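Below is one structure; the comments refer to it alone.
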Protein chains: 2
Amino acid sequence: MIRIGIFGYGNLGRGIESAIAQNDDMELVAVFTRREPSNVKIKTQGAIVASSDDVLSFIDKIDVMVICGGSATDLPKQTPYLARYFNVIDSFDTHAKIPEHFDNVDASALEGGHIAMISVGWDPGMFSLNRMYAGAILPEGQDYTFWGKGVSQGHSDAIRRIDGVLDARQYTIPVESALEGARSGNNPTLTTRQKHTRECFVVAEDGADLERIENEIKTMPNYFADYDTTVHFITQDELNEKHSGIPHGGFVIRSGVTGNGNKHVIEYSLKLDSNPEFTASVIVAYARAVYRMASEGMVGCKTVFDVAPAYLSPKTGAELRKNLL
Amino acid sequence: MIRIGIFGYGNLGRGIESAIAQNDDMELVAVFTRREPSNVKIKTQGAIVASSDDVLSFIDKIDVMVICGGSATDLPKQTPYLARYFNVIDSFDTHAKIPEHFDNVDASALEGGHIAMISVGWDPGMFSLNRMYAGAILPEGQDYTFWGKGVSQGHSDAIRRIDGVLDARQYTIPVESALEGARSGNNPTLTTRQKHTRECFVVAEDGADLERIENEIKTMPNYFADYDTTVHFITQDELNEKHSGIPHGGFVIRSGVTGNGNKHVIEYSLKLDSNPEFTASVIVAYARAVYRMASEGMVGCKTVFDVAPAYLSPKTGAELRKNLL
């Protein structure tokens, strides 16, 4: 059995717990929380809830620690710290800061003699892998990544910060004609506005100036100004009833040419009812890989690019070749 | 520069030559043929055409030998033989015999101290990889593989063997409603007949009994009897004009559940103008991986499951993390 620890018990941590229950070769040993442990209820019988302050007393009890903090402030500290003491895995997703995070984590992991995987999930993660495979196969070509239809937490939060807004949910939606263009093999150049639209469901305070709120949303730099944005004002009840899920997904498309102008299109897509549960499922498969790589004596920071696919599967090499190749 | 040899110069061998020209870190050293070398014209300036009988005189001149023989009789002999003397890669695609081929090739490669990759292409190959990744991520779920729209050489050949048939081209076509069912996340059970149809374009001899030919096609065991098959009789000119390409493609879909019944659908698809050129492009990316793994001292038989993705790309680890993760 691979003994797993979960460090941080929000949406992602709960998804990890649920994914562990789907994998017979893994067991959840402990959940670590910054809250008062007695206030945190988990689903797994036999697993412990402990304070994050006590994590080092579990050094010999946990094979892989799954770190479920946020990318903005938690993971840049937690992953390098914990990689000294445990094999770890995180879902660090601030793309621009990945090289810096990698260097910090690599130094700690090497010092501690552990494996530390970073940026595991679907983007970064499975989408990155598919960009890489497709680019290596079709060196003359063009990449397209589309996200959605799905909820963007960052954009939803940005709307909630507007004066007079009580609650909000924002969907990122790929534009069908842009998808068709990317799939055509004609390598179109697509602007930000052409690729995605944004749809916002907003609960406003009684008597708030709806026109001002809508205008503030649509003109918000970085978040909305470069997109065609639709704003719907609805009640809190309707928001709770129809928009409480966290679906997401997207498309990675590469089109390229070979020989005398033969066109090829490679497409990978995800349609997810629950973004955190799917992210967790990817992480748990890679936690298996971390355990195996560590068992073989490998050390240092790794990303999805560095992991031979067979490490993810509970099946043996012979089973994989017989049934899946 | 990675020095490549091509063993066998048919459609696939020509595709390999063309793919090498798209990769700056590779050069074609020699093409080996069973024909009289002076009768074989290749496109690459500076590369040699040599007799396959003389291949062992190139032991120090070639880093990776790409073996382009057929799976029925060529590869079961060629790959184990050549793996003693070279790092090799093949596209062995008789799924049921992969375990036996692996064992034979592994023994030779270990004896010779080389890397030997087998069954590289898109199915087996990229489709296998996607089945494996998706199965590891969503352990509770169902796999679907669809092929086409594309030309099946085996089925085209089977039609050509019918008395009164001069030429033929057979397309395998996935059924749209079955694809939609697989994508629905409802895990439908799909029969062979529900998943694919077969469309045949046939050139018959003057005066041939068309009704008999059509009946022989539609009732042919294994090839057509289990499918809804359409037969069109056309002229040789029309066949040459409209059906001379070798397009193919297909879909690998896995749907699964997590948590409290949240559904997820992972889909990988290919739309290929030229089946042999795309297969060749996959093989050439893996030839780079073979070269690198051999440079690190690895030996033995490998499949796509065993190769860390980063080995396929000419980019460094730091470049991959910065630009693709």
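The values are calculated or read from the model by the stated rules, or taken from the named source; none is laboratory data. Quick caveat, the model's predicted, so the values are computed rather than measured. Cβ: placed from backbone, ideal geometry, glycine included. Neighbour counts: every protein chain shown. Heads up: the accessible areas ignore ligands, DNA and RNA and are worked out on the full protein's heavy atoms, side chains in. Shrake-Rupley method; radii C 1.70, N 1.55, O 1.52, S 1.80 Å.
Observations on the structure shown:
- Chains A and B together, accessible area buried on both sides, 1.4 angstrom probe, square angstrom: 5500 Å²
- Total formal charge among the other residues, if their Cβ is under 14 angstrom from that of A:Val299, Lys/Arg +1 and Asp/Glu -1: -1
- Coupling constants for the range B:253-260 follow from the phi torsions by the Karplus curve (6.51 cos²θ - 1.76 cosθ + 1.60, θ = phi - 60°), and in residue order they are 10, 10, 10, x, 10, 9, x, 8 Hz; glycine and proline get x.
- Here the simple spin-label model places points 7 Å from the Cα toward Cβ, and for B:Asn39 and A:Glu296 these points are separated by 4.7 nm.
- Virtual spin-label span in nm between B:Tyr81 and A:Ser177, 7 Å along Cα→Cβ: 5.9 nm
- Other protein chain Cβ atoms within 10 Å, averaged over every residue that makes up B:300-310: 6
- Close amide-amide hydrogen proximity is noted between A:Asp226 and no other residue 5 or more places distant or on a separate chain, at a cut-off under 5 Å (H modeled in the peptide plane; Pro and chain starts excluded).
- In sequence order, calculated HN-Hα J values of the range A:121-131 (Karplus, 6.51, -1.76, 1.60; Hz; x Gly/Pro): x, 10, 7, x, x, 4, 5, 4, 4, 5, 4
- Long-range amide H partners of A:Val88 with built H, under 5 Å: A:Met65, A:Ile115, A:Ala116, A:Met117
- Dipole of the range B:202-325, positive direction: furthest Cα of B:Met298, B:His264, B:Gly207, with charges on the beta-carbon: B:Met298
- Residues losing 30 Å² or more accessible surface upon assembly, the range B:232-259, compared with the chain by itself, 1.4 Å: B:Thr258, B:Gly259
- Descending principal axes extents, the range B:246-325, alpha-carbon based, whole Å: 47, 38, 30
- Over all other residues within a Cβ to Cβ distance under 10 Å of B:Asp163, the charged ones net out to -1, with Lys and Arg as +1 and Asp and Glu as -1.
- When each of A:Lys149/A:Lys218; B:Lys43/B:Lys322; A:Lys263/B:Lys41; A:Lys97/B:Lys315; A:Lys41/A:Lys77 is checked by Cα-Cα distance, pairs over 30 Å: B:Lys43/B:Lys322
- With 10 Å bins from 0: P(r) over the range A:180-325, alpha-carbon pairs, percent: 8, 20, 26, 23, 16, 6, 1
- Under 9 Å, Cβ to Cβ, from B:Pro247 - net charge with Lys/Arg +1 and Asp/Glu -1: +1
- The protein assembly as shown - charge dipole about Cα centre, Lys and Arg +1 at Cβ, Asp and Glu -1, debye rounded to 20: 720 debye
- Charged-residue dipole, Cβ positions (Lys, Arg, Asp, Glu), the range B:1-62 about Cα centre, Debye nearest 20: 240 debye
- Counting Cβ atoms of other protein chains within 10 Å of each Cβ in B:125-135 and taking the mean gives 5.
- Scanning residues 5 or more positions from A:Trp122 or on other chains, none has an amide H under 5 Å from its amide H, with H placed 1.01 Å from N in the peptide plane.
- Cβ-vector label at 7 Å, B:Arg35, separations to other copies in nm: 7.3
- Positive-pole candidate from B:Ile42, B:Leu312, B:Ile118, dipole of chain B, charges at beta carbon: B:Leu312
- For the range A:195-204, Karplus couplings with θ = phi - 60° (6.51, -1.76, 1.60), whole Hz, Gly/Pro x: 8, 9, 10, 10, 10, 10, 10, 10, 9, 9
- The alpha-carbon atoms of the range A:230-287, seen along their principal axes, cover 59, 38, 11 angstrom, with the largest extent given first.
- Rel. contact order, % - alpha carbon contacts under 8 angstrom, at least six apart, the range A:10-58: 32 percent
- Accessible-area composition of the range A:105-181, carbon plus sulfur, in percent [1.4 Å probe]: 48 percent
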